[in-house]
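First the structure, in the form of structure tokens, and then the observations on it.
Each value in this text was obtained by applying a stated rule to the coordinates, not by laboratory testing. Computed from a predicted model, the values in this text were never measured in an experiment. Virtual Cβ from ideal backbone geometry, glycine too; neighbours counted across all protein chains shown.
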């Protein structure tokens, strides 16, 4: 810059007066040469390199660099950030690119994504745990989560109770598209549904009556939601654990008996199913502090 300013000053002295006045005015608008010269500036040798013409070989070499080369300051090349998928791409690759685009849109930039991923690495938890916690879908917490996932209960009981509360069990009313017989396999009086199967059915009501009398439960229950509302979540005393354990167990036994009648064509009486509930209940209480996953109490 200083070199150009000095050259322009010399040029003013060697031109006609008409042009000289214009250049003098332009020169007064430019920064002070002394100020520019006192600042760091390029030398004449460096300026000559900048002004030198670029050969065709250098141009070809620059444009021949692949998009998976020359990573940027974040350590990723342009291939990563601009990658797309085709119709023939695998579901895994499509999911990875979807998460990448989601992070870029959420963080509003590549550098912010890299910064967040570095925070995952430096966090007290593992990198995988932090990434999963950030990316997993999060719903509204429900009040019955500690009731459904009772620690003393068996996983299969917890799982079936969870599906029943969500209304996701494959009851016959949800399989109407298959043109099956929708009649209840216990009472044969009305169509099978979640509401009917676990409380409204007369056969199931008899089973619930026996269990409530045995556990000395006096509450009125007409649905799974009402049964859950009457239970205390989080408390670890034996008196509060037993009702939570019994709810998951009886729902599982009802669902299992229903499937046995449909697929195995075998039926169990109310008294025999109630006896099976008692034996399983006592077995879980006895083995809860040992290893409840090491045996199958239903075989």
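Worth pointing out:
- Centre separation in Å (Cα based) which lies between segment 131-165 and segment 212-230: 21
- Protection proxy ranking for 132-140, 145-153, using the average of other Cβ atoms within 10 Å per residue and placing the highest first: 145-153, 132-140.
- Global form of segment 145-287, assessed from the alpha-carbon gyration tensor, a/c cut-off 1.5: prolate
- With R₀ set to 30 Å, the beta-carbon distance separating residue 133 from residue 229 gives a calculated FRET efficiency near 0.50.
- Whether segment 84-135 is rounded, prolate or oblate, judged on the alpha carbon gyration tensor where a/c under 1.5 counts as rounded: oblate
- When 114, 58 are sorted by how many other C-beta atoms sit within 10 angstrom of their C-beta, beginning with the fewest, the order is 58, 114.
- Listed peptides 183-196, 218-231, 257-270 by packing density, highest first (mean Cβ within 10 Å): 183-196, 218-231, 257-270
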